[in-house]
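Peer 1: Have a look at this one.
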Amino acid sequence: MSVPTHDPGPEQFQQFPSNRIIVIHPGSLYVRIGRASDLVPVKQLHCIARKRRPGGKIYRDPFVPPSVPKTKELIEELEECRLQISHTLQSCMQSNGARRYATPPQQIAAFNRRSLPETENDGEPWPQVQCEIVIGDLVLDIDPELPYNIHFPFRRGDFNLHPEVGGSISSVLNDLYTIWSSIIEYKLDIPLIELVKYRCVLLIPDIYSRSHLKYLTSLLLKDLGFGHCFLLQESVGATFGAGIGSACVVDIGDQKTAISCVEDGISHKTTRLRMDYGAGDVCQALSWMFHKSAFPYKNWNENVPRDVILMRNLYQDFCHVNLDVCGPQEKTFLVDHPGDVVNKYTLQVGDECIISPLSLFYTDLLKITGQKTTKIQNRQPSDAEDPFDAEFLRETGRKRETADPSANESQQFEATNENQPTANPDEDIVVDTLEGGPGDIVSLAPGQVLSLDAAILQSIDRCTSEELKRKMYSSILIVGGGVKVHGLNLWLQNRLALQIPYTYKTEQLEIVTSPKDIDPASTVWKGAAVMSCLESAIELWINQSEWNRYGLKILRERAPFIW
């Protein structure tokens, strides 16, 4: 029997093959899942359709943030905001020095009213759907007349919890299990029974609820049965995906925009902001303006999934922030719904293709989908499983302080070491400096939603040192599906350049987008794939037996973020 020449140590501390690491990035609209060795992940609608039992309650999550009733006051606000953006655009110059001009919506509406559909062909019937459960993009193939409920387990970047059918935490986790396991089994061709030999990296929001992380870790290790896993914050994934060490990360998703300052793989807690708006809300603003100008496809309905996908495609194909494009433009699009003929429409568009993406800077236009909030990370409620968490220490700290009434109400324990498990757990504690009662995520003043540029300035201003602020102003990284609008970065750069505090004006303000070959919506996924294969990731993995034995404690010790 041959004796090994060296002892490689426990299996846990060896490099692991990248084709056996699965990276999962869940979003409100899409989920991306793939092996760390894949060039691009599998991307599917993050939804599930379940056949209703006879007499069961009807529930259908929308495919876009729903628009709110258009009261007289709301229409006035939207109109005022639209005009404000329109006037700003008219005061801009084109690159040849000529002034911009706007085409009145009435003139565009006159053209669109005369625009009639041309039938291309007879189209296809609705596919026959027999299954009890349908996952991902295939949900679009279900005839809306059939008795299926539709659920998106994430909404506005977090669990989609609500009082209706399918809105409990156990229903959401069950839906996540079914969607993710189906993609792993049928798109990646990995039998679920094999997952014990695989590892998983799950991307989580920067502003997270600790109890949700506990459920998700159990979902990965106990329910799906991965051998090992770790959780990674989206903003940290973004910096690895873009290949930069430190940045103010701006992630514009479908239903949320998250901002966080990341330095050497750590997201600074005080700088995290999440606004309840994204590309889906911008899409609804575009739809409203299209309809003001007599949108020629008269039957468009935001409650029909395929109509929503059509509008999303128009947003992606037509919207831009290129000031040299002005005056009316003619565009064509197809409406190809099963069970109907395929029609081709000609549409005239004006500045609404620029105005809608600029609603990220003039957020009153986003009131089309209701009032928005801005969220920050707050102190987390305690968990009995983790006896050394901050809440416990705060309480024991208080007991010690009662002897000295002049002592500060809430003792602060500093972190000495962020992610190495320590011999003495007391040394490795962080207590948020943000005060406020228990509860995980708090909203700033309701209704006061920050525009994209204001939120970036606010996030950087929350950095703890001048040097860090300077570093962030010189490296602003924009990722997410909502940034695929040509010219958006330049507009943002110009807006920020006018507002940066004088002290930091000397720095080169740079807005970085994803490397050329990466879709900005996949940067975060790619970063997690890259990071999972690094030698430094070896000590982050948590295995099934550790999770069963230690629960949350091990998450706090191993997590690559401040717990």
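Peer 1: Could you list, in sequence order, all residues of region 504-537 that are open to solvent by 60 Å² or more (accessible area, probe 1.4 Å) and at pLDDT below 80?
Peer 2: Across region 504-537, the qualifying residues are K505, T506, E507, Q508, K516, D517.
Peer 1: I'm checking my understanding of the structure. Among residues of region 474-500 that are out of contact with any strand residue (DSSP E or B) (no Cβ under 7 Å at 6 or more places or on another chain) and open to solvent by less than 10 Å² (accessible area, probe 1.4 Å), which one is nearest to T257 (Cα to Cα)?
Peer 2: L488
Peer 1: Residue by residue through region 167-201, note down the ones that are charged (D, E, K, R), out of contact with any Leu (no Cβ under 8 Å at 6 or more places or on another chain) and open to solvent by 50 Å² or more (accessible area, probe 1.4 Å).
Peer 2: K187, D189, E194, K197
Peer 1: For region 282-293, enumerate the residues that are under 17 Å from A110 (Cβ atoms) and open to solvent by 20 Å² or more (accessible area, probe 1.4 Å).
Peer 2: Matches in region 282-293: H291, K292.
Peer 1: Is it the case that some residue within region 81-94 is over 23 Å from W300 (Cα atoms), free of Cβ contacts under 8 Å to residues at least 60 places away in the same chain and not in a helix (DSSP H, G or I)?
Peer 2: yes
Peer 1: Looking only at residues that are in a helix (DSSP H, G or I) and more than 20 Å from H320 (Cβ to Cβ) in region 95-111, which one is least open to solvent (accessible area, probe 1.4 Å)?
Peer 2: Selected residue: A109.
Peer 1: Considering only residues that are among the charged types (D, E, K, R) and more than 23 Å from the chain's Cα centre (by Cα), look in region 319-377 and name the one that is farthest from L273 (Cα to Cα).
Peer 2: D340
One line per residue, one yes/no per condition, for (1) among the charged types (D, E, K, R); (2) more than 29 Å from R312 (Cα to Cα); (3) touching a Pro at 6+ places or on another chain (Cβ under 9 Å):
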residue: L176; (1), (2), (3): no, no, yes
residue: L188; (1), (2), (3): no, no, no
residue: I193; (1), (2), (3): no, yes, no
residue: I207; (1), (2), (3): no, no, no
residue: F230; (1), (2), (3): no, yes, yes
residue: K256; (1), (2), (3): yes, no, yes
residue: S260; (1), (2), (3): no, no, no
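Peer 1: Restricting to region 144-166, and then to whatever is of a type in the set (D, E, K, R) and not in a loop (DSSP other than H, G, I, E, B), can you tell me which residue is most open to solvent (accessible area, probe 1.4 Å)?
Peer 2: Among them, the one singled out is R155.
Peer 1: Hey, P338 hits all of (1) at pLDDT below 95; (2) in a loop (DSSP other than H, G, I, E, B); (3) closer than 28 Å to D158 by Cβ but one; which does it fall short on?
Peer 2: (3)
Peer 1: Exactly one of (1) modelled with pLDDT of 90 or more; (2) on the phi < 0 side of the Ramachandran plot is unmet by G482. Its number?
Peer 2: Tallying (1) modelled with pLDDT of 90 or more; (2) on the phi < 0 side of the Ramachandran plot, G482 fails exactly one: (1).
Peer 1: Return the residues of region 52-81 that are more than 22 Å from V308 (Cα to Cα), open to solvent by 30 Å² or more (accessible area, probe 1.4 Å) and not acidic (D, E); say none if nothing qualifies.
Peer 2: If the condition is that a residue be more than 22 Å from V308 (Cα to Cα), open to solvent by 30 Å² or more (accessible area, probe 1.4 Å) and not acidic (D, E), then R52, R53, P54, G55, G56, K57, T71, K72 are the ones that fit.
Peer 1: Out of region 452-473, which residues are part of a helix (DSSP H, G or I) and surrounded by fewer than 23 Cβ atoms within 10 Å (Cβ to Cβ)?
Peer 2: Result: D453, A454, A455, L457, Q458, D461, E466, E467, L468, K469, R470, K471.
Peer 1: Another question, if that's okay. Condition first: in contact with a strand residue (DSSP E or B) (Cβ under 7 Å, 6 or more places away or on another chain) and part of a loop (DSSP other than H, G, I, E, B). Now tell me which residues in region 349-373 satisfy that.
Peer 2: Across region 349-373, the qualifying residues are K372, T373.
Peer 1: Can you name the helices (runs of 4 or more DSSP H) wholly within region 496-563 that have at least 3 residues being in contact with a Gly (Cβ under 7 Å, 6 or more places away or on another chain)?
Peer 2: Because the criterion is at least 3 residues that are in contact with a Gly (Cβ under 7 Å, 6 or more places away or on another chain), the helices (runs of 4 or more DSSP H) in region 496-563 that meet it are 523-532.
Peer 1: Shifting gears a bit: Of everything in region 126-143, what is part of a loop (DSSP other than H, G, I, E, B) and out of contact with any Phe, Trp or Tyr (no Cβ under 7 Å at 6 or more places or on another chain)? Give them in sequence order.
Peer 2: Listed by number, the residues that qualify are W126, P127, Q128, V129, Q130, C131, E132.
Peer 1: In region 294-309, which residue that is within 21 Å of the chain's Cα centre (by Cα) and among the aliphatic types (A, V, I, L, M) is surrounded by the most Cβ atoms within 10 Å (Cβ to Cβ)?
Peer 2: The selected residue is V308.
Peer 1: Kindly evaluate L492 against the criterion of being assigned to a helix (DSSP H, G or I) and within 22 Å of the chain's Cα centre (by Cα).
Peer 2: yes
Peer 1: Enumerate the pairs (first residue in region 202-227 and surrounded by fewer than 23 Cβ atoms within 10 Å (Cβ to Cβ); second residue anywhere and modelled with pLDDT under 95 and acidic (D, E)) with beta-carbon separation below 6 Å, excluding pairs fewer than 6 apart on the same chain, so at least 6 apart or on different chains.
Peer 2: Matching pairs, first to second residue: S209/D440.
Peer 1: Identify all residues within region 254-269 that are buried (at least 24 other Cβ atoms within 10 Å of the Cβ) and out of contact with any helix residue (DSSP H, G or I) (no Cβ under 6 Å at 6 or more places or on another chain); write none if there are none.
Peer 2: Across region 254-269, the qualifying residues are K256, T257, A258.
Peer 1: Tell me, yes or no, whether region 116-127 has at least one residue that is over 28 Å from the mean Cα position of the chain (by Cα), surrounded by 14 or more Cβ atoms within 10 Å (Cβ to Cβ) and over 30 Å from Q329 (Cα atoms).
Peer 2: yes
Peer 1: Next up: Just the residues that are among the aliphatic types (A, V, I, L, M) and either closer than 30 Å to V196 by Cα or open to solvent by 10 Å² or more (accessible area, probe 1.4 Å) (or both), please, taken from region 228-253.
Peer 2: L231, L232, V236, A238, A242, I244
Peer 1: Can you tell me which residue in region 82-94 is surrounded by the fewest Cβ atoms within 10 Å (Cβ to Cβ), limited to those that are among the polar types (S, T, N, Q) and more than 15 Å from T363 (Cβ to Cβ)?
Peer 2: Among residues in region 82-94 that are among the polar types (S, T, N, Q) and more than 15 Å from T363 (Cβ to Cβ), the one surrounded by the fewest Cβ atoms within 10 Å (Cβ to Cβ) is S91.
Peer 1: Still on this model: Here are some residues: I58, I48, I24, I33. Which one is in contact (Cβ under 8 Å) with a residue 40 or more places away in the chain, touching a Ser or Thr at 6+ places or on another chain (Cβ under 9 Å) and of a type in the set (V, I, T)?
Peer 2: So the residue among I58, I48, I24, I33 that is in contact (Cβ under 8 Å) with a residue 40 or more places away in the chain, touching a Ser or Thr at 6+ places or on another chain (Cβ under 9 Å) and of a type in the set (V, I, T) is I48.
The values are calculated or read from the model by the stated rules, or taken from the named source; none is laboratory data. The structure displayed is predicted, hence computed values, not measured ones. Neighbour counts are summed over all protein chains in view; Cβ atoms, including those assigned to glycine, are modelled from backbone coordinates with ideal geometry. SASA here: full protein model, heavy atoms, side chains in, ligands and nucleic acids out. Shrake-Rupley method; radii C 1.70, N 1.55, O 1.52, S 1.80 Å.
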